[in-house]
Amino acid sequence: MPPYPTPIGTISRPGLLWCEGPHDYAILRRLVVSENLTDWIRIEVLEGKPNLPTYLASLLLRPRFHDLRALGIVLDADEDARATMDSVTGHLEANGLVRTSAHASIERGDCSDGVTRTVGAFVTPDGVAPGAFESLLMRTVAPGPLLACVQDFVACVAPEVQHTRIAQWAKLEFHAWLAASQEPGILPGQALDAHIIDQGHAAFDDLKSFLRALAAAATAPDQLPAAPDQPPA
């Protein structure tokens with residue numbers, strides 16, 4: 001078994017948050033804890049974007065699915081943020097869940113089992129630019145000599161590697177920067193704990209708002225979701 005929750009088994013929270021990989025999970029878990037949302041949101045790892053349709057299909061069969069009130073999905077934009085959003089929308093519709101058509105929006109409606117739920121998708125880094133979760137993390141990095149060196153390194157190795165996707169380059173740049181920190185080998189979640197990554201940086205604001213709105217929807221199933229900047233009561 002992996003050292004992180006995957007989308008299987010009994011649903012234990014009124015809200016679920018799905019992400020692609022373990023590093024995304026590590027950051028999101030810390031944000032959910034810092035926002036005091038752990039009672040309402042359980043984070044699970046898809047282990048890759050291609051697994052989304054499979055886990056959506058099995059979601060309806062999980063014990064206590066009827067109690068689920070909110071589902072959030074965090075995915076990399078990769079080459080095209082709009083295409084990623086359209087893909088999520090199609091998979092949600094195909095499985096009888098609420099259609100969500102806009103990045104970071106929280107949309108409420110009736111599902112195929114007759115239960116009203118809220119669904120939202122956050123396409124990293126910002127719903128517009130191509131890239132990955134690491135692209136969002138790099139936005140917290142201050143300009144300076146270290147960042148310039150990292151960018152020079154990426155340019156230097158470019159002819160020697162086989163990366164073909166923007167998300168791969170984003171991950172390469174981020175992990176090169178992280179490896180040059182005062183604690184080489186530190187993992188992304190640990191880097192947040194050590195303040196190497198600034199959790200209070202404005203780059204996280206939209207993601208935090210999305211998490212708060214998801215939790216608010218999970219705690220108030222008979223009401224419209226609270227405004228994004230309002231935490232659950």
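I'd like the orientation of helix 145-157 relative to the chain: the angle between its Cα long axis and the longest Cα principal axis, in ° from 0 to 90, rounded to 10.
90
What does the charge count near Ala70 come to, summing +1 for each Lys or Arg and -1 for each Asp or Glu among other residues with Cβ under 10 Å from its Cβ?
Within the 10 Å Cβ shell, the charges total +4.
Peptides 80-88, 177-185: what's the order by average Cβ count within 10 Å, highest mean first?
For the peptides 80-88, 177-185, the packing ranking is 80-88, 177-185.
Kindly express, to the nearest 10 degrees and within the range 0 to 90, the angle between helix 166-179's C-alpha long axis and the longest C-alpha principal axis of the chain.
Its long axis makes an angle of about 60 degrees.
Note down the net charge around Glu35, summing +1 for each Lys or Arg and -1 for each Asp or Glu among other residues with Cβ under 9 Å from its Cβ.
That works out to +2.
Give me the percent of the accessible area of segment 14-154 that comes from carbon and sulfur atoms, probe 1.4 Å, all protein chains in place.
Reported share for carbon and sulfur atoms: 55 percent.
May I ask you to evaluate 6.51 cos²θ - 1.76 cosθ + 1.60, the Karplus curve with θ = phi - 60°, for each residue of segment 189-206 and list the ³J(HN,Hα) values in order in whole Hz, giving x for glycine and proline?
x, 5, 5, 5, 4, 8, 6, 6, 9, 7, 5, x, 5, 4, 4, 8, 4, 5
Round to the nearest 0.05 the FRET efficiency obtained for Gln199 and Ala155 when R0 = 22 Å and r is the Cβ-Cβ distance.
Between Gln199 and Ala155 the formula returns 0.15.
Highest first, please rank the peptides 151-161, 135-145, 25-35 by the mean number of other Cβ atoms sitting within 10 Å of their residues.
The peptides rank, most packed first, as 25-35, 135-145, 151-161.
What is the dipole size for segment 48-117, taken about its Cα centre, with +1 at each Lys and Arg Cβ and -1 at each Asp and Glu Cβ, in debye to the nearest 20?
For this selection, approximately 340 debye.
Quote the relative contact order of the chain in percent (integer), defining contacts as alpha-carbon pairs under 8 Å separated by 6+ residues.
Computed over the chain, the figure is 20 percent.
Using alpha carbons only, how many angstrom separate the centre of segment 188-220 from the centre of segment 43-107?
Between the Cα centres of segment 188-220 and segment 43-107 lies a distance of 19 Å.
Could the peptides 57-63, 213-219, 94-100 be put in order, highest first, of the mean number of other beta-carbon atoms found within 10 Å of their residues?
Result, highest mean first: 213-219, 94-100, 57-63.
Go through segment 129-134 residue by residue and turn each phi into a ³J(HN,Hα) via Karplus (6.51, -1.76, 1.60, θ = phi - 60°); whole Hz please, and just put x for glycine and proline.
6, x, x, 8, 4, 5
At 222 nm, what value in deg cm²/dmol follows for the chain if DSSP H runs of at least 4 each add -39500 (n - 2.57) and the sum is divided by all its residues, to the nearest 500?
-11500 deg cm²/dmol
Nothing charged except the Cβ atoms of Lys and Arg (+1) and of Asp and Glu (-1): what's the magnitude of the dipole of the chain about its Cα centre? Round to the nearest 20 debye.
Dipole of the chain, to the nearest 20 debye: 580 debye.
Please report the carbon-and-sulfur percent of the accessible area for segment 166-226; probe 1.4 Å, protein heavy atoms only, DNA, RNA and ligands left out.
Whole-percent figure for carbon plus sulfur exposure: 51.
Can you compute 3J(HN,Hα) from phi for each residue in segment 74-83, using the Karplus curve 6.51 cos²θ - 1.76 cosθ + 1.60 with θ = phi - 60°, rounded to whole Hz and x for Gly and Pro?
Karplus values, whole Hz, x for Gly and Pro: 10, 10, 6, 5, 6, 7, 8, 5, 5, 5.
Can you send over the solvent-accessible area of Thr116, 1.4 Å probe, protein chains only, in Å² to the nearest 10?
50
Between Rg and the Kirkwood Rh of segment 22-112, both from Cα atoms, what is the Rg to Rh ratio?
We get a ratio of 0.94 for segment 22-112.
Just the projected area, averaged over all directions, of the convex hull on the alpha carbon atoms of segment 54-162: how many nm²?
Approximately 8.8 nm², given one-decimal rounding.
Amide H of Val74: which non-local residues (sequence gap of 5 or more, or other chain) have their own amide H closer than 5 Å, using H built in the peptide plane?
Result for Val74 returns Trp18, Cys19, Phe122.
When the Debye formula is applied to the Cα atoms of the chain, each taken as the same point scatterer, what base-10 log of I(q)/I(0) results at q = 0.08, 0.12 Å⁻¹?
Debye intensities relative to I(0), on a log10 scale: -0.29, -0.65.
For segment 1-72, report the accessible area per residue in Å² (1.4 Å probe, heavy atoms, rounded to an integer).
Per-residue accessible area for segment 1-72 comes out at 43 Å².
I'd like to know which of Phe133, Ala57, Pro188 lies farthest towards the positive end of the charge dipole of the chain, counting +1 on Cβ of Lys and Arg and -1 on Cβ of Asp and Glu.
Ala57
What percent antiparallel are the DSSP beta bridges of the chain, to the nearest 5?
25
Could you compute the net charge surrounding Gln168? Neighbours are other residues with a C-beta less than 11 Å from the C-beta of Gln168; K and R count +1, D and E count -1.
Spelling it out: positives minus negatives among the neighbours equals -3.
The values are calculated or read from the model by the stated rules, or taken from the named source; none is laboratory data. In this text the structure is predicted, and so the values were computed from the model without any measurement. Using ideal geometry, Cβ is built from the backbone for each residue, glycine included, and neighbour counts are taken over all protein chains shown. Each accessible area value is taken on the protein alone, full model and side chains, heavy atoms only, with ligands, DNA and RNA left out. Shrake-Rupley method; radii C 1.70, N 1.55, O 1.52, S 1.80 Å.
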